[in-house]
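Here's the structure, in C-alpha cells; my notes come after.
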Amino acid sequence: MTPRAYRLCFVCTGNICRSPMAEIICRELLPGYGLGDGLVTVSSAGTDSWHEGEGADPRTVRELAAAGYPGGERHVARGFTAADLTTHDLIVALDRGHLAALRRLAPTPADAARIRLLCPDGTDVPDPYYGGPEGFTACRELIEAALPHLLTEVGTAIGTATGTDAATAHHGKQHLA
C-alpha cells in the first residue's frame, strides 16, 4: 500500500496573487528536494472568497511565466474552508493577518500548530495587488527565498530529506537567494 501524499496549502487573501504564486513555484521545486512523484501535493486558497472561481491575477501569470514557471493561467481561485484544516498536513499563511485568521478557524491546538507563516523569520509576503509589476517580482523573489527552508522542513517531516541544495532545481537556473 502506498502512503498518502503530504498535503500542503498556501493561503493569502483572495487566492489570485501570492498564494497561487507560492503554489506554482513550490510545485516546480518539489523534485529538487526529493519531494516529487506524488510525495507532496500542493494547493492554495484565500481567506476571503471574493475572487472564487476566477483565474490568477494576470500580473501573477505574467510574473510566473517570465521567471519560467508554467501553469499560472490554469489557476482557479477558491476560499479556504474549515474542511481544509482536516485535509492538509501543513497550512502556510503568506502574512500575519492570514496566520491569525486561519488560527481562529482551528478547532484544536493541534490544528493551530499545523498553520505557519511562509517566511521563517516572520516576514510578511507583501500583497502586490495594488501596485505595479515590481511588486509581483518582489513577491516572487520573497517566495523563492523562503521555499527552501519550508521544503527542507517538509522533507524532514516525511523522512525524505536529501540534504540537497535545490537553489538551481528550477530549470537549472539560479532563482533562489
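At a glance:
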read-out	value
Residues of region 75-103 satisfying the condition of being open to solvent by 60 Å² or more (accessible area, probe 1.4 Å) and modelled with pLDDT under 95	THR81, ALA82, THR86
Candidate set: region 149-173, residues that are at pLDDT 90 or above and open to solvent by 30 Å² or more (accessible area, probe 1.4 Å); chosen: the one nearest to GLY38 (Cα to Cα)	ILE158
Cross-chain or 6+ apart pairs with Cβ under 9 Å, region 31-48 first and under 29 Å from ALA101 (Cβ atoms), then small (Gly, Ala, Ser) and in a strand (DSSP E or B)	ALA45/GLY79; GLY46/GLY79; THR47/GLY79; THR47/ALA93; ASP48/GLY79
Output for region 117-141, where each listed residue is buried (at least 17 other Cβ atoms within 10 Å of the Cβ) and either touching a residue at least 24 places away in the same chain (Cβ under 8 Å) or of a type in the set (Val, Ile, Thr) (or both)	LEU117, LEU118, CYS119, ASP124, VAL125, ASP127, PRO128, TYR129, PHE136, CYS139, ARG140
Test: residue in region 48-66 that is within 21 Å of LEU117 (Cβ to Cβ) and surrounded by fewer than 20 Cβ atoms within 10 Å (Cβ to Cβ)	yes
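The values are calculated or read from the model by the stated rules, or taken from the named source; none is laboratory data. Note that the structure is a prediction, hence the values are computed from the model and not measured. For neighbour counting, all protein chains shown are included, and Cβ atoms are generated from backbone atoms with ideal geometry for every residue, glycine included. Side chains included, ligands, DNA and RNA excluded: accessible areas come from the protein's heavy atoms. Shrake-Rupley method; radii C 1.70, N 1.55, O 1.52, S 1.80 Å.
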